[in-house]
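Here the structure comes first, spelled out in structure tokens, and everything after it is commentary.
The values are calculated or read from the model by the stated rules, or taken from the named source; none is laboratory data. Just so it is clear, the structure is predicted and the values come from calculations on it, not from any experiment. Cβ atoms come from the backbone with ideal geometry, glycine included; neighbour counts cover every protein chain shown. In case anyone asks, the SASA skips ligands and DNA or RNA and just uses the protein heavy atoms, side chains included. Shrake-Rupley method; radii C 1.70, N 1.55, O 1.52, S 1.80 Å.
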Amino acid sequence: MARELPRPAKVVDLHPQAFLNDWEDYSADELLVESLDLLRTSLDQAIYWEYPEIKFIHGKGKGILRKEVYNELATYRSSGAISRYYPSYQNEDIVVVVIGI
């Protein structure tokens, strides 16, 4: 029997308070790890389901999450898993990831 990944949302909020009920119990480093895990999981699901693109909300803050999100996306791009990524034209707190060519 073939296993299927669940379909991700087309816009994924990477702020821990958006997906963790007990986010206050985590350290800052743990929250970053959880956000990056959600990015990877959602992006892998979007690739599996052949989404043309997916958007991730990383926000402003100190820019730590944004920096790590862009580092992770650079890895995906260099492996050929995604075509490109860029800040949203409507809101630079969002990164648009183009999966297909």
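What the table shows:
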read-out	value
Mean separation of Cα contacts under 8 Å (6+ apart) over length of the chain, as relative contact order %	29 percent
Theoretical ellipticity at 222 nm over the chain - DSSP helices of four or more residues, -39500 (n - 2.57) apiece, nearest 500	-13000 deg cm²/dmol
Mean accessible surface per residue for segment 44-101, computed with a 1.4 Å probe while every protein chain stays in place, in Å²	61 Å²
Answer label, with semi-axes √(5λ) of the Cα gyration tensor in Å calculated from the coordinates and candidates (i) 33, 15, 10; (ii) 24, 16, 11; (iii) 22, 17, 12	(iii)
Environment charge at residue 100 (Cβ cut-off 9 Å; Lys +1, Arg +1, Asp -1, Glu -1)	-2
